[in-house]
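Written out below as structure tokens is the structure these notes cover.
The values are calculated or read from the model by the stated rules, or taken from the named source; none is laboratory data. As the structure is a prediction and not an experimental result, all values here were calculated from the model. Remember, those area values only see protein heavy atoms, side chains included, never the ligands or the DNA or RNA. Shrake-Rupley method; radii C 1.70, N 1.55, O 1.52, S 1.80 Å.
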Amino acid sequence: GSTRGGRVEAPSGLSYPRQAINSAARRCRCEQGWRMQSCLICDDHAMMREAMAGTVAMAWPDATVTLASDFPGAWEAMESAPDLCICDLVMPGASPLEGISTLGARAASPILVVTGSEDDNLLLALFRLGIAGFVPKTARSAVIEAAIRVVLAGERYLPARFLELIDS
């Protein structure tokens, strides 16, 4: 599925209009330079894909959003080199490390992992693979949007809990 021209299209063919964004807030965001023209969202749960697509659409209304529900679909979609890939860890088609590693090998696009996993060793291994950031699925949409902005600015995003883990 994808997002174009003010509507989000789900893989089922359904679409819904984007919500209006405060024009002043939109101008402010654009002036700060956090631009995104394309985003790949990978999650095996339709509700999570659609929620992430909504978060992206609110902050980047002109971005094209491509959706994938498994690792093989994500690998194929990554060939288009989106500006950002937002990916869950546990999806059909591969183990988390194999899935993310193969995804990263397909394009130089930054990968932001949004997952329910609390496995610290797995998350450390993902950072060694070069992911751009990690956000727990329990985070509010404002936190996820902030993480996206950090990653689009060329930095890495880590939640505070994870920073404490690295320091220990």
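Work out, step by step, the length gained on full extension between LEU124 and HIS45: first 0.36 nm times the residue separation, then minus their alpha carbon distance; give nm to one decimal.
Numbers: separation 79, 0.36 × 79 = 28.44 nm, distance 2.42 nm.
Gain on stretching LEU124 to HIS45: 26.0 nm.
In nm, what is the difference between 0.36 nm times the number of residues separating SER80 and ARG35 and their Cα-Cα distance?
Values: separation 45, 0.36 × 45 = 16.20 nm, distance 1.73 nm.
So the extension gain works out to 14.5 nm.
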Legend entry - Average accessible surface area per residue within region 88-132, 1.4 Å rolling probe, Å²: 43
Legend entry - Distant-in-sequence amide H partners of SER38 (H built 1.01 Å from N, under 5 Å): THR64, ASP83, LEU84
Inset, instruction - Can you check what the Kirkwood hydrodynamic radius comes to for region 46-168, Cα pairs only, in Å to one decimal? - result: 14.5
